[in-house]
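Q: Got a structure for you, written out below as C-alpha cells; questions coming shortly.
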Amino acid sequence: MATSMVMPQMGYDMHEGKVVRWLKQEGEEVIRGEVIAEIETDKATVEYEAYTGGVMGKIVAEEGETIPVGGLIAVITAPGEAIPEELLTDAAISDSNRPPADLAPTSVEVPAPQPAAASPQDDGEVRASPIARRLAQERGVDLSTVTGTGPGGRITEADIPDQGTPAAAPTPALVVANGYIKASPLAKRLARERGIDLASLNGTGTGGRITEIDVPGHAPVPDGLVADSAELSSEKVELSRMRQAIARVTVDSKREAPHFYVSVDIDMTKAMSFRRDMNGELDAERRVSVNDLIVKASAIAIGRHLKFNSFFRDDHLQMNSAINVGIAIALESGLIVPGINGCEGKSLVQIAVASRDLVARANSGTLRNDEYSGTTFSVSNLGMFDIESFTAIIFPPHAAVLAVGTVKEQPVVRDGELAIAQIMKANLSTDHRVADGSEAAQFLVEIKKLLENPISLVI
C-alpha cells in the first residue's frame, strides 16, 4: 500500500515547516526509521525519519517549500506500485484544513502495477520528478521524448540524457530546482548580516550545502547602507522565524499560565567534589557537567513529585509516563529546548553522554523529532555566563521550569563557624493551575537535598 508522509508537528506551537533537503530521491529504497529529509521549523532544523519502508514513490514538497503541519510532502510505495491519483488529489484539497494532531500515516489500496508505458498521462502532462524537469530544461531535452524508468513510467533524474541545447550558464551544484540555495539556517543569517550573496559561495557541507564556516567573516558594506546615528536609531530590524516563534510562545505562556516562583540556595560543595572525583575516573566523552547533575536530580525529584511531569489540559492534568527533561540551548539564531528522553531510566553518566550529544546535534541542526517535541520538564542554566540568579518563563505545555545560576564561593555559617561554601541559586517557575506553593517548595527542596548529597544521584 502507498503511504503518505506528512509534515510532522515538532512542538505544540508549530504550524508549518520547510523542507530544507531531501536525502532520498524518487525511486530509491527507503528503510523504516531512516532519515529521508531535513525539516526546518521556527526553532531548529531537524531530521525527518520515515515511519514505513519501501520506495520513494513521489516527492510532493520541493526543497525550500513551506508546508503546513499534516500536509503531504512525499509518498512511499512498495516496489513497482503506482500511486493512486486520488491520494494526491485528496491530500491537496485537505492539507489546508488538516488539524495539527492528525499526523498518522494514510494507507490506501493501490491497483496492480501497470507496465511502463509512454510518459504522457491521459491529460497530456508528462509524469516527471521536479529534479528531472529542471535537468530537462537546463539541457534542452523534450520530456515527451524521454522514457521514464520510475514508478508507473515516471521520468526521474537518471532518465534525462546529457545531450540537448546547453543551458545559458551552468547552475552551481548547491542550487536546487526552485532557486533555493542549500545552506544551514545559521549560514543564511550570517550571509544576510554580512551582505554576502549565498550564490557566490562554495559549500563544504553534505551535498555542497553551505555551512557557517563557508561564510566569510566580513564583506564590503553596500553603498547607501552607511548612515549617521540618527538614521540608525530608527532602523527596522526584521525578526527571524525563530525569534518570532520565541516571542509568540513566551507571550502565550505568560498570558495563559499563572506563574509563581520559589527560590533556594543549594550548597554544591559536595557535588563539585563528587563531580571532580567522578570525572577523574571517566574518559572525556563521559565526563559529567554541573548541568548533568541538575538534570539527574530533577528527574529523581520528578519521580517523587509527579505533578511536575504533567501538562494542564482544559479541566484536567495530563500525567506523562516518561520523564523527558528539556535543556535550554542558546544557539546564535535563538533558544531551543530539546530533551533527554527517559531520564528516569538513565544513569548519571548516560545523561552526561546524551546531553553532550544533544547539544552537538542541536548546533549542527540534526535533532530528531522526539527530542524536540517530547519534553515534559525543562532546565535553564545560565551559570556559564556568570549569572547568579534569574527566573525563567515556563516552556509550554510544561508545568514548571528550573532556572539555575553559576556556582560561586560564598561565606556561610556552619555550626556557628564561618566557612566557605560553593553556592548555587535555583529558582523554580511553576504553573499555579498545576501545583500550589507548598508543592513547589517541596519539589525544589527535594532537588536541593539530592544535590547536597550527590551520592544519592548514583545509588
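Only the coordinates and a few stated rules stand behind these numbers; no lab work does. It should be emphasised that the depicted structure is a prediction, and the values quoted were computed from it without experimental measurement. Methodologically, a virtual Cβ is constructed for each residue, glycine included, from the backbone with ideal geometry; neighbour enumeration extends over all protein chains shown.
Q: Nearest 0.05, what FRET efficiency do Asp265 and Arg194 give at R0 = 41 Å with Cβ-Cβ as r?
A: Once rounded, the FRET efficiency stands at 0.40.
Q: Could you please state, rounded to a whole Å, how far the C-alpha centre of the stretch 293-307 is from the C-alpha centre of the stretch 400-441?
A: 15
Q: Kindly provide log₁₀ I(q)/I(0) values, in the same order as q = 0.15, 0.17, 0.18 Å⁻¹, from the Debye equation applied to equal alpha-carbon scatterers of the stretch 258-457.
A: For the requested q values the scattering log ratios are -0.91, -1.18, -1.32.
Q: Okay, moving on. Among Arg189, Arg276, which comes first, then next, by fewest other beta-carbon atoms within 10 Å?
A: If I rank by nearby Cβ atoms, fewest first, I get Arg276, Arg189.
Q: Kindly put His398, His259 in sequence by how many other C-beta atoms sit within 10 Å of each C-beta, fewest to most.
A: His259, His398
Q: Apply 1/(1 + (r/R0)^6) to the Cβ-Cβ distance of Ala330 and Glu28, taking R0 = 35 Å, and write down the FRET efficiency to the nearest 0.05.
A: 0.40
Q: To make sure I understand, if each residue's beta carbon is the centre and we count other beta carbons within 10 Å, what order do Leu348, Leu382, Leu367 fall in, fewest to most?
A: With the fewest neighbours first, Leu348, Leu382, Leu367 line up as Leu382, Leu348, Leu367.
Q: While we're on this one: Can you compute the FRET efficiency between Asp252 and Val458 using 1/(1 + (r/R0)^6), with r the Cβ-Cβ distance and R0 = 41 Å? Round to the nearest 0.05.
A: Efficiency at R0 = 41 Å is approximately 0.60.
Q: If you plug each phi of the stretch 256-273 into the Karplus form 6.51 cos²θ - 1.76 cosθ + 1.60 with θ = phi - 60°, what whole-Hz ³J(HN,Hα) values come out, in order, with x for Gly and Pro?
A: 8, 9, x, 6, 9, 9, 10, 10, 7, 8, 10, 7, 9, 4, 5, 5, 5, 5
Q: With point charges of +1 on the Cβ of Lys and Arg and -1 on the Cβ of Asp and Glu, referenced to the Cα centre of the stretch 258-457, which listed residue (Ala284, Leu428, Phe377) lies farthest in the positive direction of the dipole?
A: Farthest towards the positive end: Ala284.
Q: Ok, one more. Taking Lys296 as the anchor, which lysines have their alpha carbon closer than 26 Å to its alpha carbon, excluding any fewer than eight residues away along the same chain?
A: Lys43, Lys270, Lys307, Lys346, Lys408, Lys425, Lys448, Lys449
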